[in-house]
Amino acid sequence: MKIATWNVNSLKVRLPHLLRWLADNPVDVLCLQETKLTDDKFPVAEINEAGYQVAFSGQKTYNGVAILSKLPLLDVVRNNPRFEDEQQRILAATIDGVRIISAYVPNGQAVDSDKYVYKLAWLKSLHEWLAEEMRSHASLAILGDYNIAPDDRDVHDPAAWEGQVLCSDKERAALTALTDLGLTDSYRLFEQPEKNFSWWDYRMLGFQKNKGLRIDHILLSEKLTQRCTACVIDRAPRKWEQPSDHAPVIATID
DNA sequence: ATGGCAATAGAGTATTGA
């Protein structure tokens with residue numbers, strides 16, 4: 001089973017990229033973030049035609065998450081039931097006995113801004129809900145754009161980013177709190193290339209200069225960690241015309 | 001060198017992202 005995550009930064013713009021990528025990478029499950037579409041505009045027919053069933057939770061202009069799957073999506077839940085939130089950032093479904101969660105963690109804008117406070121509160125509540133979910137689902141994977149670079153290996157210029165949003169101690173502690181629940185960053189189970197990232201700024205020739213961050217992650221419960229045989233970042237679609245600023249991350253579960 | 005790109009809403013320019 002291959003499971004993947006990709007922040008597409010507008011599914012309206014990126015639908016051709018998505019279909020092309022799925023043709024090249026026929027993963028079993030793909031979690032999307034930043035679809036930026038209301039549910040009535042979601043391209044269900046095109047995705048079905050590509051061989052995928054899909055659940056989605058969107059809103060106008062911002063956020064929006066989805067899960068594509070070759071197998072049926074059961075027990076679909078929108079949002080963290082413990083966190084009152086108008087922003088559509090969480091979608092969960094059970095696929096082939098695995099609880100899959102697509103998550104779009106808030107960006108946080110700047111340390112100590114209102115959005116940063118919201119990000120930390122959101123993560124704290126996610127932690128509480130995940131603890132619960134893990135009790136009822138031994139096989140659980142939470143995939144998405146975490147907007148947190150776990151450590152300095154995940155940052156192109158750690159000195160420049162030190163203490164900044166996406167790299168601050170409080171954000172990293174919030175991510176560590178999630179892994180302390182018994183979730184593992186699948187990427188670090190394996191030897192990985194140096195300076196390998198999942199996001200590059202559109203500005204400053206970020207991708208060409210590889211000025212990026214690794215902020216998109218696949219966290220696995222212990223049961224899935226034992227079955228995980230690979231985790232890779234696919235930079236290929238970042239080189240395509242009019243790309244998303246994020247690259248997909250893929251984990252293989254045997 | 002502290003900007004720079006891109007998407008959205010909506011009709012010039014503001015907001016957000018990371």
### Message
Please report the spacing between the Cα centers of segment A:182-207 and segment A:28-66 in Å, no decimals.
### Response
24 Å
### Message
Explain nothing, just the number: dipole magnitude of chain A about its Cα centre with +1 on each Lys and Arg Cβ and -1 on each Asp and Glu Cβ, in debye rounded to the nearest 20.
### Response
420 debye
### Task
Provide the percentage of antiparallel DSSP beta bridges, counting only those with both residues in chain A; round to the nearest 5.
80 percent
### Task
Exposed loop GluC sites (Glu not before Pro) only (DSSP loop, at most 14 other Cβ atoms within 10 Å): please give the longest stretch of chain A free of them, not including the sites.
A:1-83
### Isotropically averaged projected area of segment A:204-254, using the convex hull of Cα atoms (one quarter of hull area), nm²
4.2 nm²
### segment A:54-89: chymotrypsin sites (Phe, Trp or Tyr not before Pro) in DSSP coil with no more than 14 other Cβ atoms inside 10 Å
A:62
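Would you work out the charge dipole size for segment A:116-254 about its Cα centre, treating the Cβ of every Lys and Arg as +1 and the Cβ of every Asp and Glu as -1, and quote it to the nearest 20 debye? Don't skip to the end; give the middle numbers.
Working: 17 positive and 22 negative charges, 48 e Å.
I would put it at about 240 debye.
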### Query
By how many nm would the segment from residue A:78 to residue A:25 grow when fully extended, if each residue of separation counts as 0.36 nm and the alpha-carbon distance is taken off?
16.4 nm
### Summary
Applying the gyration tensor rule to the Cα atoms of segment A:3-73 (axes a ≥ b ≥ c; rounded if a/c under 1.5, else prolate if a/b exceeds b/c, else oblate), the class is prolate
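Given the convex hull of the Cα atoms of segment A:137-201, what is a quarter of its surface area in nm²?
On the way: hull surface 20.1 nm².
Taking a quarter of the hull surface, the average projection is 5.0 nm².
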#### Entry: In segment A:134-237, trypsin sites (Lys or Arg not before Pro) in a DSSP loop with at most 12 other beta-carbon atoms within 10 Å
A:203, A:209
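Of all DSSP beta bridges in segment A:1-107, what percent run antiparallel (nearest 5)?
Numbers: 19 of 24 bridges.
So the antiparallel bridges in segment A:1-107 amount to around 80 percent.
How much mean residue ellipticity at 222 nm does chain A get from its helices, if each DSSP H run of length 4 or more adds -39500 (n - 2.57) and you divide by all residues, to the nearest 500 deg cm²/dmol?
Theoretical 222 nm ellipticity from helices: -7500 deg cm²/dmol.
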### Query
Hey, quick one: spin label on residue A:242, modelled 7 Å out along Cα-Cβ, who in segment A:182-208 has an amide N within reach, i.e. under 19 Å?
A:202-203
### Query
Computed from the mean reciprocal separation of all distinct C-alpha pairs, what Kirkwood hydrodynamic radius does segment A:87-150 have, in Å?
12.6 Å
### Message
For q values of 0.09, 0.13 Å⁻¹, compute log₁₀ I(q)/I(0) with the Debye formula on a Cα-only model of chain A, without solvent.
### Response
-0.34, -0.76
### Task
Please work out, to two decimal places, the log10 of the ratio I(q)/I(0) at q = 0.10 Å⁻¹ from a Debye calculation in which every Cα of segment A:46-131 carries one identical scatterer.
-0.29
### Query
If you keep only loop residues by DSSP, which trypsin sites (Lys or Arg not before Pro) in segment A:24-111 have at most 11 other Cβ atoms within 10 Å of their Cβ?
A:60
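From the square roots a ≥ b ≥ c of the eigenvalues of the alpha-carbon gyration tensor of segment A:1-145, which class results: rounded (a/c under 1.5), prolate (a/b over b/c), or oblate?
Numbers: a/c = 1.98, a/b = 1.26, b/c = 1.57.
Because a/c hits 1.5 or more and a/b fails to exceed b/c, segment A:1-145 counts as oblate.
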### Message
I need the Debye-formula profile for segment A:38-96: one equal scatterer per C-alpha, no solvent, reported as log10 I(q)/I(0) at q = 0.16, 0.28 1/Å, two decimals.
### Response
-0.51, -1.19
### Summary
Whole-Å distance linking the alpha carbon centroid of segment A:236-254 with that of segment A:134-157 is 16 Å
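Read-outs: derived from the displayed coordinates by stated rules, not from any lab. Just so you know, these numbers come straight off a predicted model, no measurement behind them. Please note: Cβ atoms are built from the backbone with ideal geometry, for glycine as well, and neighbour counts cover all protein chains shown.
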